[in-house]
Ligand SMILES: [Zn+2]
């Protein structure tokens, strides 16, 4: 029957289209990493200015995502804290971010596997480990000290303790430990991704993926990007408190800027320089 043939070819064409759609979803469009970073920076600036764009999360967008697949512009590992929702603080929409969240944004093997998936199959150009100020998980780890904690909480606190021990070893004063450990934990998380995942490491080394750590400031809404991070940075006593306050004030007044991590000697650096700097440091 002619009608049957027409129907069969229509079905075949639909199957082919679906296959192509799935392939496209698998490979994903590779957005330029600087463009992706700029979108995140601009989005955070809109968030800080309380001028978010209208969310593109209507039924049309949902159907498009369901049919074509996800093409996130970045993978973000961050804390479960209800005050740190990446889509909101980067002013992104449905399908824009591949997010891995757990208390203290620690990088466990399962987290690294999730990031691997985003890098290898979704072809994200940017991976960010995002800590945040006032992190309750880090506070708990500080309060626990060397005391062993039973159960899964013990495993989480043990991971966070590494950051605390690291900043102690670098000479930070007790009063500075909390903030310093939050920064350090994000940096160590990025390092752990490189160390534990060959896929992430190769993508970062080849320049296909920009791997950064950053800290979100709950009070002013800014994301402070860490480039050279704290490894090469002396404790706060190397930077007078007044200078640190100035850097902080500058960060809040210029939210779109990629600003240097506190305690870093060089206060400003362009975003485009971050990836190479980071990659070089880990070669
Ligand atoms: Zn937290």
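The values are calculated or read from the model by the stated rules, or taken from the named source; none is laboratory data. Keep in mind that what you see is a predicted model, and the values were worked out from it rather than measured. Note that each Cβ is placed from the backbone with ideal geometry, even for glycine, and that neighbours are counted across all protein chains shown.
Only one residue in 125, 109 is more than 12 Å from the ligand (Cβ to nearest atom) and within 12 Å of the chain's Cα centre (by Cα), so which one is that?
The unique qualifying residue is 125.
Against the conditions (1) assigned to a loop (DSSP other than H, G, I, E, B); (2) modelled with pLDDT of 95 or more; (3) under 21 Å from the mean Cα position of the chain (by Cα), where does residue 50 fall short? Just the number, please.
All conditions pass for residue 50, except number (3).
Let's see how each residue does on (1) within 16 Å of the ligand (Cβ to nearest atom); (2) on the phi > 0 side of the Ramachandran plot; (3) modelled with pLDDT under 95:
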residue: 43; (1), (2), (3): no, no, no
residue: 61; (1), (2), (3): no, no, yes
residue: 91; (1), (2), (3): no, yes, no
residue: 104; (1), (2), (3): yes, yes, no
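If a residue has to be within 16 Å of the ligand (Cβ to nearest atom) and surrounded by fewer than 12 Cβ atoms within 10 Å (Cβ to Cβ) to count, how many in segment 63-83 make the cut? Don't jump to the end; show me each part of the working.
Here is the first cut: in segment 63-83, the ones within 16 Å of the ligand (Cβ to nearest atom) are 76-83.
Checking which are surrounded by fewer than 12 Cβ atoms within 10 Å (Cβ to Cβ) leaves us with 82.
Of the residues in segment 63-83, 1 are within 16 Å of the ligand (Cβ to nearest atom) and surrounded by fewer than 12 Cβ atoms within 10 Å (Cβ to Cβ).
Restricting attention to segment 133-165, which residues are touching a helix residue (DSSP H, G or I) at 6+ places or on another chain (Cβ under 7 Å) and in contact (Cβ under 8 Å) with a residue 60 or more places away in the chain?
If the condition is that a residue be touching a helix residue (DSSP H, G or I) at 6+ places or on another chain (Cβ under 7 Å) and in contact (Cβ under 8 Å) with a residue 60 or more places away in the chain, then 133 is the only one that fits.
If I filter segment 133-143 down to residues being under 14 Å from residue 215 (Cα atoms) and buried (at least 24 other Cβ atoms within 10 Å of the Cβ), which single residue comes out as nearest to the ligand (Cβ to nearest atom)?
135
Would you check if there is a residue in segment 160-174 being under 30 Å from residue 91 (Cβ atoms) and at pLDDT 95 or above?
yes
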